[in-house]
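Participant: My structure is below; once you've seen it, I'll send some questions.
The values are calculated or read from the model by the stated rules, or taken from the named source; none is laboratory data. Quick caveat, the model's predicted, so the values are computed rather than measured. Cβ atoms come from the backbone with ideal geometry, glycine included; neighbour counts cover every protein chain shown. We work out accessible area using only protein heavy atoms, side chains counted, and drop any ligands, DNA or RNA first. Shrake-Rupley method; radii C 1.70, N 1.55, O 1.52, S 1.80 Å.
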Amino acid sequence: MPTNRDEELEREIRTHLELEAEEHIAAGMSPEDAHAAARRSFGHVIRTREDVTAVWTNVWLDHFWRDLRQGLRSLRRSPRFTATAVVTLAVGIGATAAVFSAVDALLIRPIPVSAPEELYVVRRAGETRARFPFEFYRTLNEPGGVFSGVVASFTFPLTVVEGGTGTRAKAAFVTPNYFDVLGVRPQLGRSFRDEEGDALTVVVSHEFWRRRFNGRASMVGESVRVGRQPFVIVGVAPPDFQGLQLGLAVDLWIPMAASPEAIQIPAFRTRVDVVGRLAAGLSIPTATSRVRTEHQRWAEGVAPASAGARTKARSIVLRPASHGLESHVRDQFRASLSLLVGICACLWIITIVNVSGLLTARLRERQREIGIRLALGVTSARLFVQMLAEAVVLLCGGVFLGVVVAVSVAGAIPRWIPAWEGLDLRLSPLVLTITAATAVVTALMVALIQSATIDRRRLLSYVVPNVPRFAGCRFRVSTALVSGQLALTIPLIVTASLMVRSFVNLGSAETGFARSHLLQIEVEPVLVGYSPERASAYYTALLDRLRVLPGVSDASVSNGGALSGYDGIAALHQDGARHEVRTIAVGERYFSTLDIRVLSGRVFARRETEGDERVAIVNAALAGRFLVDEETAVGKTVTLEDGEGGDHRMIVGVVENTTDANLRDKTTPTLYVPAGRSALLVVHVRTQSDSAGSIPMIRQAAASLDPNVPILAIETIDSRRRSVLQRERLLAAASTGIACIALTLSAVGLFALVSYAVATRTREIGIRQALGARRSQIARLFLMDTARPLALGAMLGLGTSIALARTLAAFVYGVSPTDSIAYIMAISLLVLVAAGATLLPLRQTVRVSASANLKAD
Amino acid sequence: MSHGRRRSGLLQGTLDLLILRTLLFGPLHGHGIAKHIQRTSADVLQVEHGSLYPALHRLEKNGCITSNWEQTERGREMRLYRLTAKGRKQLTAEESKWKELARAMTRMLRTVPGA
């Protein structure tokens, strides 16, 4: 049995001809005549073969494959052009892919649990992160309840000591069913069993296991000291699971039963996040009302006399948790990423336009070839497909290179932006799909633009030699393309300039407290088992030691503020209304240490900060907002909410405003209260000269007090400021980089266009030279020609920038989005680059003699 | 190039109809189909034998006929084509379309100008 279709057809045809010939022979013909007659009746064998093949093959695919190979061959013949085009495409596509991988990691990708879309978190309307008491969680964990599986968790920083060294770790205290409900299987060991006996066990994260224990498999089953007690490591979480909150990479998971005895945590910290999967078939509204009923019933069971249980229950909502819990990093960077996506889109368009321009310029060498093809009957559609094939070949190279670029950039970013540490910026399938789709659209657009520049009718008439070589291309489309590139480059330059200046402004902004020579120390004795009283004494003793160190002018403590990353909030009752104000508990000499000016009244005395006196200090903003004016604020009383009758405090002083955590706002009302016997504080140290140099001394002083208490962090105020400005730094750097690329691409595009024009008009230049024109006059001629697309592009660009001013307003600081300096700089830069790109191709031609130019084709 | 052109003057659809009709009476090989059309139409329908094969392949691709290599009595290995159920349905449809066309043509040719 013949297997190949072509072979089969051959056999069939042969048999057919034989049979026909046999019939003729039987009728009396000679064998030769019979065979000839058979062939005549059959018709064209070759035609038959072709038609049969055409039935089974896709004609278009076949032709396209041939076009691809042809495109590859022709591109290989001009390596410099191909390299330029591929690099240009790689840049455009690589930048897009990198930004999209960040968008994917931060905004799109759900957490790596099974069926993330089924998860819901219990919150309250109007509050971002409302937590609930653990007992309430227990009522929700009944079988047959609203959830088929529900877990509770809260996070807390701890120290892990192993082999004599201590490391700070982020611990999540979870219910034993945590990993099972989420569907996360440990890569080593096991998760928690559902018994109380599992109390002193811990599951470590992949990152922590790799970093701290070098990925030793033997660690499973080993015992390490967490906080005050030894814990047994029972498992290692899978590599991509880092807890339920993006940006907060959990290092350890510990059963909640272990929390009270083993680790001392302040009571207010043991409210939990409640996350669960809804029971099958339950709709959200039904589930929500059932949870509310549960809460009401539970609240009334706990405190039957208190009113408002129903109202409190009514504020409960169920929010989808497919992306985990609310994430600070995501909220912080969401807007910046959107801006970056917009910038990348502009760059992508410039890339398309640029590569189209390059390909069009290359067409001049192929005009005769294309003219011949058109004369032979190739339709415009076929021509388009051929150009598409070439574009596809270029894009394959561009995508490959672009992905390489994107992977390296994406890998480097988290190291550069500390807030993104632990974020997995790999090129997920979604990102790759988007990149591929971008590439396909790019190829189509490039081919379309090229087709638009071919003037079919004129090309056809120029197949004959000895006719001007370049008449068949529409110049105007190319010029429009260049205008478009220039137009898009201007908003990019303006944005970059604004972002850079905002970043610089924020860096040097007035903070209201000392700008330098200030250190912040994070040390928490409670983490190694100090009781609150001992911890409070620890801080006092530490301050005494620090204050006598050489080079230290003063030291104090607080529980937040001054870019420490901690900010407390309290509710103020004033004039019958409730206001939430920033509240900082401070120790003695806080204001002098931080160099915060006292506007009226006084600071806290030593006995007030150590005791429990009902005093307070306000800043000018609070006095102005709530207390008529700052002059008479001293002596007035403010009332803080404390769950009972109200905490009445007398104002003893008014201080100047300090900046908020973002360095942008200096008008946040702030209340200062004495720290008293607070057990969790940040230590501030003011030095006389360079603060970084005092760090070793400070470590020694703390060690001499108690070497068991580890210093978790010592940072200068400059370093804190840099941390706070990560987002602005990212925007400034990224937008500048992209603006430079865009400017380069525009320059290259303009250069190609002018080279093309010069080549077209070489003879004309020769004539002018022969007639006595000077170089400067010829240069001016071409500059005038460039001026038109430049002017058009500049106008469009300025218009676009002004239109985008409102979007940019949210990102800038200390500079207006329509700041004239930015626009002037953008235009000047563009004019400079355009002049260079115009004059450079001209140089060679005007140096040559007139006769040489006249002889040019 | 264009698959619709036939030197025999027949439209592509007509050739398909002839083939399907021929196969109604039983499986046949390519040469036999050509001879049958020739004989039955009394040599009026001149079909180039070579044009049958693309049509047969097209019909097979559409699922109207199937083919098998079989041994004939004379010991030759030949490819026999058979009608499928789908082919039968297609044949009925094409036949009624053709009859309608024929009726319309007859009416056209019978009308007298001015009447």
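Participant: For segment A:696-743, take N as its residue count and report Rg(C-alpha) divided by 2.2 N^0.38 Å.
Facilitator: Details: Rg = 19.1 Å, N = 48, 2.2 N^0.38 = 9.6 Å.
Normalised Cα radius of gyration, segment A:696-743: 1.99.
Participant: Among rounded, prolate and oblate, which fits segment A:1-128 when a ≥ b ≥ c are the square roots of the eigenvalues of its C-alpha gyration tensor, a/c under 1.5 means rounded, and a/b larger than b/c means prolate? Numbers along the way, then the final one.
Facilitator: On the way: a/c = 6.75, a/b = 2.42, b/c = 2.79.
Because a/c hits 1.5 or more and a/b fails to exceed b/c, segment A:1-128 counts as oblate.
Participant: Using only the alpha carbons of chain A, what is the convex hull's orientation-averaged projected area in square nanometres?
Facilitator: Numbers: hull surface 223.1 nm².
That works out to 55.8 nm².
Participant: Give the ranking of A:382, A:11 by solvent-accessible surface, highest area first, calculated with a 1.4 Å probe. Walk me through the intermediate numbers first.
Facilitator: Values: A:382 55, A:11 75 Å².
Most to least solvent-accessible, the answer reads A:11, A:382.
Participant: Accessible area of chain A with a 1.4 Å probe: how many percent of it is carbon plus sulfur? Kindly include the intermediate steps, with their values, before the conclusion.
Facilitator: Details: 22820 of 39360 Å².
The computed percentage sits at 58.
Participant: When the helices in chain B are scored as -39500 (n - 2.57) per DSSP H run of 4 or longer and the sum is shared across all residues, what 222 nm value do you end up with, to the nearest 500 deg cm²/dmol?
Facilitator: Details: 4 runs with 63 residues, N = 115.
One gets -18000 deg cm²/dmol as the mean residue ellipticity at 222 nm.
Participant: Hey, another quick one. Computed on protein heavy atoms with a 1.4 Å probe, what is the summed buried accessible area for the chain pair B and A, in Å² to the nearest 100? Display every interim value, and only then the final one.
Facilitator: Details: alone 8280 and 40630 Å², together 46420 Å².
It comes to approximately 2500 Å² buried between B and A.
Participant: Partner chain Cβ atoms within 10 Å, averaged over the residues of B:44-53 - can you pull that number for me? Let's see the in-between values first.
Facilitator: Numbers: counts 0, 0, 1, 2, 7, 11, 15, 6, 4, 11.
Mean partner-chain Cβ count within 10 Å for B:44-53: 6.
Participant: Would you please give the residues with an amide H less than 5 Å from that of residue A:321, counting only those at least 5 places away or on a separate chain, with H modeled from the backbone geometry?
Facilitator: A:119, A:120, A:121
Participant: Moving on to the next point. If you plug each phi of segment A:497-509 into the Karplus form 6.51 cos²θ - 1.76 cosθ + 1.60 with θ = phi - 60°, what whole-Hz ³J(HN,Hα) values come out, in order, with x for Gly and Pro?
Facilitator: 4, 5, 5, 5, 5, 4, 4, 5, 4, 5, x, 9, 5
Participant: Continuing with the same structure: If I take every Cα pair under 8 Å that is 6 or more residues apart in chain A, average their sequence separation and divide by the length, what percent do I get for the relative contact order? If you can, show how the numbers build up before the last one.
Facilitator: Working: 1398 pairs, mean separation 122.4, N = 857.
Reported relative contact order: 14 percent.
Participant: How far is it, in nm, from the label point at residue A:332 to the one at residue B:70 when both lie 7 Å from their Cα along the line to the Cβ?
Facilitator: Between residue A:332 and residue B:70, the label points sit 8.0 nm apart.
Participant: Is the C-alpha gyration tensor of segment A:567-670 telling us rounded, prolate or oblate? Criteria: a/c under 1.5 is rounded; beyond that, a/b larger than b/c is prolate, otherwise oblate.
Facilitator: Values: a/c = 1.34, a/b = 1.09, b/c = 1.23.
Rounded shape, in that the Cα axes give a/c under 1.5.
Participant: A further question on this structure: Report ³J(HN,Hα) in whole Hz for each residue of segment B:91-100, in order, from the Karplus equation J = 6.51 cos²θ - 1.76 cosθ + 1.60 where θ = phi - 60°; Gly and Pro get x.
Facilitator: Residue by residue, segment B:91-100 yields 4, 4, 4, 5, 4, 5, 4, 5, 4, 4 Hz.
Participant: Would you be so kind as to identify which of A:818, A:144, B:25 lies farthest towards the positive end of the dipole of the protein assembly as shown, taking Lys and Arg as +1 and Asp and Glu as -1 on Cβ and the Cα centre as origin?
Facilitator: About the Cα centre, the residue reaching furthest to the positive side is B:25.
Participant: Okay, helix-only estimate at 222 nm for chain A: each DSSP H run of n ≥ 4 adds -39500 (n - 2.57), divide by all residues, round to 500 deg cm²/dmol; what do you get? Present the calculation step by step, with values, prior to reporting the outcome.
Facilitator: Values: 29 runs with 446 residues, N = 857.
Value at 222 nm, helices only, nearest 500: -17000 deg cm²/dmol.
Participant: How many percent of DSSP beta bridges within the protein assembly as shown run antiparallel, rounded to 5?
Facilitator: Numbers: 80 of 99 bridges.
The answer is about 80 percent antiparallel.
Participant: In peptide A:6-15, how many Cβ atoms from other protein chains are near each Cβ within 10 Å, on average?
Facilitator: Average neighbour count from other chains, rounded to a whole number: 3.
Participant: I would also like to ask the following. Which length gain, in nm to one decimal place, applies between residue A:300 and residue A:70 when the Cα-Cα distance is subtracted from 0.36 nm times their residue separation?
Facilitator: Working: separation 230, 0.36 × 230 = 82.80 nm, distance 8.04 nm.
Using 0.36 nm per residue and subtracting the Cα-Cα distance, I get 74.8 nm.
Participant: Under the classification rounded if a/c is under 1.5, otherwise prolate if a/b is larger than b/c and oblate if not, where does segment A:350-452 fall, given a ≥ b ≥ c as square roots of the Cα gyration tensor eigenvalues? Can you show the working numbers first?
Facilitator: Details: a/c = 4.18, a/b = 3.00, b/c = 1.39.
Judged from the Cα gyration tensor, segment A:350-452 comes out prolate (a/c at least 1.5, a/b above b/c).
Participant: Beyond 25 Å between alpha-carbons counts as too far, so tell me which of A:312/A:666; B:61/B:89; A:170/A:666; B:61/B:97 fall in that bin. It would help to have the intermediate numbers written out before the result.
Facilitator: Values: A:312/A:666 34 Å; B:61/B:89 16 Å; A:170/A:666 32 Å; B:61/B:97 22 Å.
Correct reply: A:312/A:666; A:170/A:666.
Participant: What average count of beta carbons from other chains do you get within 10 Å of the Cβ of residues in B:69-82? All intermediate terms of the calculation are to be shown ahead of the outcome.
Facilitator: Numbers: counts 5, 0, 0, 1, 0, 0, 0, 3, 4, 5, 7, 0, 0, 0.
Across the residues of B:69-82, the mean count of other-chain Cβ atoms within 10 Å is 2.
Participant: Quick one: how many Å² of residue A:434 are accessible to a 1.4 Å probe, rounded to 10?
Facilitator: About 50 Å², rounded to the nearest 10.
Participant: Suppose accessible area is computed on protein heavy atoms with a 1.4 Å probe; arrange A:18, A:50 from highest to lowest.
Facilitator: Numbers: A:18 75, A:50 115 Å².
In descending accessible area the options line up as A:50, A:18.
Participant: Among the lysines, which fall within straight-line cross-link reach of residue B:35, defined as a Cα-Cα distance under 23 Å, with same-chain neighbours fewer than 8 residues apart omitted?
Facilitator: Qualifying lysines at Cα under 23 Å: none.
Participant: With just the Cα atoms defining each centre, how far is segment A:339-353 from segment A:752-787? Give it in Å.
Facilitator: Spelled out, the Cα-based centre of one part sits 33 Å from the other.
Participant: Through the Karplus equation 6.51 cos²θ - 1.76 cosθ + 1.60, θ set to phi - 60°, convert the phi angles of segment A:585-598 into ³J(HN,Hα) values in whole Hz; use x for Gly and Pro.
Facilitator: Coupling constants for segment A:585-598: 8, 10, x, 5, 6, 5, 5, 6, 4, 8, 6, 9, 6, 8 Hz.
Participant: Shifting gears a bit: What angle, in degrees between 0 and 90 and rounded to the nearest 10, separates the Cα long axis of helix A:31-42 from the longest principal axis of the Cα atoms of chain A?
Facilitator: 50
Participant: Can you grab the distance from the C-alpha centre of segment B:22-69 to the C-alpha centre of segment A:85-156, Å, no decimals?
Facilitator: So the separation of the two Cα centres works out to 66 Å.
Participant: Residue A:279's amide H: which non-local residues (gap 5+, or another chain) put their own amide H closer than 5 Å, with H modeled 1.01 Å from N in plane and none for Pro or chain starts?
Facilitator: HN-HN under 5 Å from residue A:279: A:147, A:148.
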